[in-house]
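Asks: Once you've had a glance at the structure underneath, I'll fire off some questions.
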Amino acid sequence: MITKDSIENLKNHLDIVDVVSQFIELKKSGANFKACCPFHGESTPSFVVSPVKQIYHCFGCGVGGDSIKFVMEYEKLSYPETIEKLASMYNVSLNYDNNNQKKQDLKILEDVNKFYQKLFVNNKTAKDYIHSRGISEFSIEKFEIGFAPTSADTLNFLKNNYYNLAEAKELGVIDTGTNGLYARFIERITFPIYSLNGKIVGFGGRTITGHNAKYVNSPQTKVFNKSKLLYGYNIAKENIYKKNRIIITEGYLDVIMLHQAGFNTAVATLGTALTKDHLPLIRRGEPQVIVAYDGDGAGLNAAFKASIMLSQGEFEGGVVIFGEGKDPADMVKDGKVEELNKIFANPKPFINYAIDYIIDKYDINNPSQKQKALLEANEYLKSLGIIYQDEYKRYIAQKLNVRENLVKVSSDVIRKTEVNLSKIDIAELCIIKAILESPKRLDTVLDIIDSSMFEYHRDEFELLLEDINHQSLNGIILNDKLESYDDIRLNSELIILLHKFYSKKLTSIKYDDTLSLKEKGISLRKVQDSLRQLKQGKLVNYNL
């Protein structure tokens, strides 16, 4: 764990304009800086950086935060990874509660990878296999392809370099068997696997000696979880964000060959099906997702499960299936790059693929089978959003050749993307902005108003009271369409807000049958007195 003191020390060295400008081009705009938002496509700059507040906010997509949040989102890193990256950028030392442990872990994996790479260069069998698959020397170097030797050679390498064997075991490089220690990867071509921050965390290995297990991966360790990692993501991520597309394949060679052919957003799952644990990683940048699997039974079923999961998560994209025993790597080797371009440009949408897969399992010429197909397809449809349900009930009806009213939709679907129809009130937002710009005004304002007086922006005012530095309020601070009030203008706007509130209160009290005559009289006098003072230009304390 990185200590809090060293994180605070790092923050003191950060200037948001300097940090952000190292990733995107900023242009001065008044007191702030502007740019086209790096988190969504736009041609007119709506991304604003404030050197005074040390925050950023995009008025197009709503993202915002400080220097650390920007690097986290832009580089797609975890919080600790971001802290380490910024510390490296600004030459700031970090202290760890468990000092040096993490660095030693990485050192073992990094040096084992270099060891494997050197052995690959001199291993004719391994090189011949890789070249036979069409992989270039450039790709070998780019993806750091290596070769794991005999178990004894790996163990000797670790011992001769005085590595802690217990740590090597914890990281999945070696293990203990009935005959003692042995290497996890023996006579295999190796593919290093990296985390999001570019740190090596494990390996994949392909046998070249006919072992029954063609591919193996590092075991689960404190730094390696294959259900959360994607091979090649560290290399592909920048292009994924730029091109807004990610191609998910089944194998290491598919990724390497696709990159070699220019499809540089390709990644692969690590010998496992796509899982829910992968979804946060895939969702980063909101790319179009293309699932590109083999056309055998296992590939078709894996694509179906992925389609269910991705469609329920409302991911954009679809499925590409490779038939005739071919895979993406084979097609690149055979020079079918243009064909691949067309295939990836026209994937079958996830929902269509899932429905087709369900219905194709049944003989719909048989009424009993058709009924089962309808029930299963209908059950899947109900797991989707209301718009998708309405759209695809027609598709199911057409596929099954049944009446559309036989396809049922759910009446209680939670609408995940409701349109916010609430009205925006500029005056209320300007009052909130005035307080955010000068927090010392809050004590005075709280004697006068409370959140109930805000008709349209009550939530924002309550959030201000709860946490005046909350990043959700950045959009108000940096909105140059909202006027910045001085104290005199703020007072006049507060008078207008209060007059509006007390006028409505006067009407509601007059028609409130729950109040006794005496209570109503007292309340009316209070409100009328407040209104008289407001007409005289005086602010009144809230006393209802």
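Asks: Could you say which residue among 201, 255 is more than 21 Å from residue 316 (Cβ to Cβ), at pLDDT below 95 and crowded, with 17+ Cβ neighbours inside 10 Å? It would help to see each step written out before you state the result.
Replies: Numbers: 255 fails: at pLDDT below 95.
From the options 201, 255, the qualifying one is 201.
Asks: Among the residues that make up segment 33-50, is at least one of them farther than 26 Å from residue 287 by Cα and at pLDDT 85 or above? Talk me through it step by step, then tell me what you get.
Replies: Of the residues in segment 33-50, the ones farther than 26 Å from residue 287 by Cα are 33, 50.
Subsequent filtering for residues that are at pLDDT 85 or above retains 33, 50.
So far as segment 33-50 goes, yes, one or more of its residues are farther than 26 Å from residue 287 by Cα and at pLDDT 85 or above.
Asks: Kindly indicate whether any position in segment 44-61 is more than 23 Å from the chain's Cα centre (by Cα), among the polar types (S, T, N, Q) and closer than 25 Å to residue 243 by Cα. Show your work before the answer.
Replies: Quick first cut of segment 44-61, residues more than 23 Å from the chain's Cα centre (by Cα) only: 44, 50-54.
Keeping just the survivors that are among the polar types (S, T, N, Q) gives 44, 50, 54.
Then drop every residue that is not closer than 25 Å to residue 243 by Cα, which leaves 44.
Yes, segment 44-61 contains at least one residue that is more than 23 Å from the chain's Cα centre (by Cα), among the polar types (S, T, N, Q) and closer than 25 Å to residue 243 by Cα.
Asks: Quick test of your reading of the structure: residue 363 fulfils all but one of (1) surrounded by fewer than 17 Cβ atoms within 10 Å (Cβ to Cβ); (2) under 21 Å from residue 276 (Cα atoms). Name the failing condition by number.
Replies: (2)
Asks: If you don't mind, another one. Could you list all residues from segment 122-160 that are closer than 30 Å to residue 334 by Cα, assigned to a helix (DSSP H, G or I) and within 38 Å of the chain's Cα centre (by Cα)?
Replies: Residues of segment 122-160 closer than 30 Å to residue 334 by Cα: 122-148.
With assigned to a helix (DSSP H, G or I) added as a condition, the list becomes 124-132, 137-142.
Answer for segment 122-160, where residues must be closer than 30 Å to residue 334 by Cα, assigned to a helix (DSSP H, G or I) and within 38 Å of the chain's Cα centre (by Cα): 126, 127, 129, 130, 131, 132, 137, 138, 139, 140, 141, 142.
Yes/no per residue for (1) under 23 Å from residue 206 (Cα atoms); (2) aliphatic (A, V, I, L, M); (3) surrounded by fewer than 21 Cβ atoms within 10 Å (Cβ to Cβ):
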{"position": "259", "(1), (2), (3)": "yes, no, no"}
{"position": "268", "(1), (2), (3)": "yes, yes, no"}
{"position": "273", "(1), (2), (3)": "yes, yes, yes"}
{"position": "280", "(1), (2), (3)": "no, no, yes"}
{"position": "284", "(1), (2), (3)": "no, no, yes"}
{"position": "291", "(1), (2), (3)": "yes, yes, no"}
{"position": "314", "(1), (2), (3)": "no, no, yes"}
{"position": "325", "(1), (2), (3)": "yes, no, yes"}
{"position": "337", "(1), (2), (3)": "no, yes, yes"}
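Asks: Show the residue pairs that are 6+ apart or on different chains and have beta-carbon atoms under 9 Å apart, the first residue being within segment 109-131 and more than 17 Å from residue 156 (Cβ to Cβ), the second being assigned to a helix (DSSP H, G or I) and acidic (Asp, Glu).
Replies: 117/141; 131/137
Asks: If only one of 464, 506, 482, 494 is outside the structural domain of residue 57 (by TED's automatic domain parsing) and not in a helix (DSSP H, G or I), which one is it?
Replies: Working: 464 fails: not in a helix (DSSP H, G or I); 506 fails: not in a helix (DSSP H, G or I); 494 fails: not in a helix (DSSP H, G or I).
None of the others qualify; the one that does is 482.
To keep it simple, each residue is scored yes or no on (1) under 30 Å from residue 61 (Cα atoms); (2) in contact with a Ser or Thr (Cβ under 9 Å, 6 or more places away or on another chain); (3) of a type in the set (Ser, Thr, Tyr).
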site	(1), (2), (3)
448	no, no, no
455	yes, no, no
466	yes, no, no
470	yes, no, no
494	no, no, no
516	no, no, yes
521	no, no, no
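Asks: Would you mention how many residues in segment 367-388 are touching a helix residue (DSSP H, G or I) at 6+ places or on another chain (Cβ under 8 Å) and crowded, with 17+ Cβ neighbours inside 10 Å?
Replies: As a first pass, look at segment 367-388 and keep what is touching a helix residue (DSSP H, G or I) at 6+ places or on another chain (Cβ under 8 Å): 370, 373-374, 376-378, 380-384, 388.
Still in the running and crowded, with 17+ Cβ neighbours inside 10 Å: 370, 373-374, 377-378, 380-381, 384, 388.
The number of residues fulfilling the criteria is 9.
Asks: A further question on this structure: Can you pull out every residue in segment 274-288 that is part of a loop (DSSP other than H, G, I, E, B), under 13 Å from residue 310 (Cα atoms) and either over 19 Å from the mean Cα position of the chain (by Cα) or among the charged types (D, E, K, R) (or both)? Spell out the reasoning first.
Replies: So the first thing to find is which residues in segment 274-288 are part of a loop (DSSP other than H, G, I, E, B), and the list is 274-275, 284-287.
Restricting the remaining residues to those that are under 13 Å from residue 310 (Cα atoms) gives 274-275, 286-287.
The one that is part of a loop (DSSP other than H, G, I, E, B), under 13 Å from residue 310 (Cα atoms) and either over 19 Å from the mean Cα position of the chain (by Cα) or among the charged types (D, E, K, R) (or both): 286.
Asks: Still on this structure: Could we say that residue 67 is closer than 24 Å to residue 285 by Cβ, out of contact with any strand residue (DSSP E or B) (no Cβ under 7 Å at 6 or more places or on another chain) and modelled with pLDDT under 85 here?
Replies: Numbers: closer than 24 Å to residue 285 by Cβ: yes; out of contact with any strand residue (DSSP E or B) (no Cβ under 7 Å at 6 or more places or on another chain): yes; modelled with pLDDT under 85: no.
Spelling it out, it is not the case that residue 67 is closer than 24 Å to residue 285 by Cβ, out of contact with any strand residue (DSSP E or B) (no Cβ under 7 Å at 6 or more places or on another chain) and modelled with pLDDT under 85.
Asks: Oh, and also: Output the number of residues of segment 85-122 satisfying the condition of being closer than 16 Å to residue 164 by Cβ, at pLDDT 75 or above and surrounded by fewer than 18 Cβ atoms within 10 Å (Cβ to Cβ).
Replies: 3
Asks: List every residue pair whose Cβ atoms sit under 7 Å apart, with the two residues 6 or more apart in sequence or on different chains, where the first one lies in segment 266-291 and is of a type in the set (Lys, Arg) and the second, anywhere, is modelled with pLDDT under 85.
Replies: Matching pairs, first to second residue: 284/76.
Asks: Among (1) under 19 Å from residue 391 (Cα atoms); (2) modelled with pLDDT of 95 or more, which single condition is residue 320 missing?
Replies: (1)
The values are calculated or read from the model by the stated rules, or taken from the named source; none is laboratory data. If you're wondering where the values come from, they're calculated on a predicted model, not measured in any experiment. All Cβ positions, glycine included, derive from the backbone under ideal geometry; neighbour counts span all protein chains shown.
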